[in-house]
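Any read-out appearing in this document is the output of simple, stated calculations on the displayed coordinates, not a laboratory observation. A quick note: this is a predicted structure, and the numbers were derived from the prediction, not measured. All Cβ positions, glycine included, derive from the backbone under ideal geometry; neighbour counts span all protein chains shown.
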Amino acid sequence: MLRCLTAGESHGRGIIAILEGMPAGIKIDVAVVDRELKRRQSGFGRGKRMQIENDLAQLVSGLKNGLTLGSPLTLLILNKDFSIERLPKVLNPRPGHADLAGLLKYGFSDARSVLERASARSTVATVGVGAVCKIFLNNFGIKISSRVLSVGGENTAEGIKEKITEAIRNKDTVGGIFEVIARGAPCGLGSYAQADRRLDGRLAQALMSIPGIKAVEIGLGSGYGISFGSEVHDAIYYKNGKGYFRKTNNAGGIEGGISNGQDIVLRACMKPISTLLDPLDSVNIASKKHALASTERSDICVVEAAGVVAESACAYILADAILEKFGGDNLSDIKNSYQGYLKRIR
Ligand code: EPS
C-alpha cells in the first residue's frame, strides 16, 4: 500500500513529498519526473509565477543507481520565488479561496498564513509523486492522459483561446472541464467489499481534492440520470481468443467499485481561479468594513494544468490499487503475480 505526505508553502523554501510503499527495482529517470512538472506549468492562461519557476525535482532518498530501494522516496522541488517572509499581509479574503474559512479556523490575522499552504502550488508535489507512479504503472502497460474538453462553455481550440483572452482582457478568470483517461488497467482493481476500497470512490476523492475542483464524473456520469437502464448499461459479449468484451463504455471502466478492464474515464470541472484582478466585495478582517477582495499575482485559467494534476492523482490511486492486488516488495515479484492473474482471467 502506498502512503504519501507532502509539505511546503507556495513561497516557502520548496515543496516536498515523501512517497512510501513503492517496491524495489523500479528504474526512475528524474528527467521523466521533470517533464511532468513542466507539463503542469504549461497552458494558455497561466500567470507570471510560471515564468519565474522552472520546477525540477531532486530525488533525495529512496534511490540507488537510479533504482528504487523500497525505502521512502523523497522528492524536493525548490521554489525560486522564496519570499514568504517579505510578502504583504492579505486582509480582505477572496471569495472562493480558502482565505476566510482558513482565517477563522486557525485563528490567524493575516490570510497569507492560509493561502501559502492552500495555494495550488502544492500540486507540484502531486505531479512529482504522480510521475513516479506513472513510471511504476508503465511496467503494467497502464498509460494515463488528459485533455481539456471545454473552458467557459467553449469547446473548440479557437473558442477556448478566445474565452481565456476575454478573461485576461476583463481582469477575470475562467474555469472548465477536463477528462482523464487511464488505458490498460486490468479488470479487478478496487473492490465492492468495503466503501473505502471502491476504485470509483478512491478516484473521485483524489480528483475532488485537487484545488479548484467542484465536480467529478465517471464515464457517462450525470448522463445516467437522464437515461433508461436499457440505453446506458454496457452489454456483455464473449469471443474465443478475445474473451469478454463490451461495445460501449458508459461505465467509464468501473462497475461495482472494480475496474472492468475497459478504459477508466474520468471528468472533472474546475471552477474559475478565485483571485480576481477586478475583485469582488469582501470585508477587511481588521476593521470589519466593506473592502474589495485582496488581489495577488495569479493565473487566469489552469484547466489544462489541472488535467495534468488529475492524471497524477489518478496514477497514485491506480498504483496503490495495483500494489494492493499484486503487492510485493520487488517489482519482478509483482509483475509475476500480475502475469499469473492475467493468465487466470483470460
Ligand atoms: C501556482 C503558484 C501560485 C499561483 C497559483 C498556482 O503562484 P503565485 O501565487 O506566486 O502567483 O500562480 O495558485 C493559485 C492560483 C491559488 O489560488 O492558490 C502553481 O505553482 O501552480
Going down the list K239/K335; K105/K289; K247/K271; K27/K335; K242/K343; K143/K335, which pairs span over 22 Å between their C-alpha atoms? K239/K335; K247/K271
Please work out the Cα center distance from the range 169-194 to the range 1-28, rounded to the nearest Å. 21
Between helix 199-208 and the chain: long-axis angle, C-alpha atoms, 0 to 90°, nearest 10: 20
I'd like to compare 96-109, 301-314: which one has the highest average count of other Cβ atoms within 10 Å, and what's the full order after that? 301-314, 96-109
Provide D196, D299 in ascending order of the number of other Cβ atoms located within 10 Å of each residue's Cβ, fewest first. D196, D299
Neighbour-count ranking for I164, I18, I226 (other C-beta within 10 angstrom, fewest to most) reads I226, I18, I164
Rank these for me by crowding, R246, R344, R297, going from fewest to most other beta carbons within 10 Å. R344, R297, R246
For the chain, longest principal axis from Cα atoms; helix 303-326 axis from its Cα atoms; angle between them, nearest 10 degrees, is 40
If each DSSP helix of 4+ residues adds -39,500 (n - 2.57) and the sum is divided by the residues in the chain, what number results at 222 nm, nearest 500 deg cm²/dmol? -10000 deg cm²/dmol
Kirkwood Rh over alpha-carbon pairs of the range 3-345 plugged into Stokes-Einstein at 10 °C, 1.306 mPa s gives a D in µm²/s of 74
Apply the Karplus parameterisation 6.51 cos²θ - 1.76 cosθ + 1.60, with θ equal to phi minus 60°, to every residue of the range 132-141 and state each ³J(HN,Hα) to the nearest whole Hz, in sequence, with x for glycine and proline. 5, 5, 5, 4, 4, 5, 3, 5, 10, x
Acute angle (nearest 10 degrees) that the helix 30-41 long axis makes with the longest principal axis of the chain, alpha-carbon atoms: 50
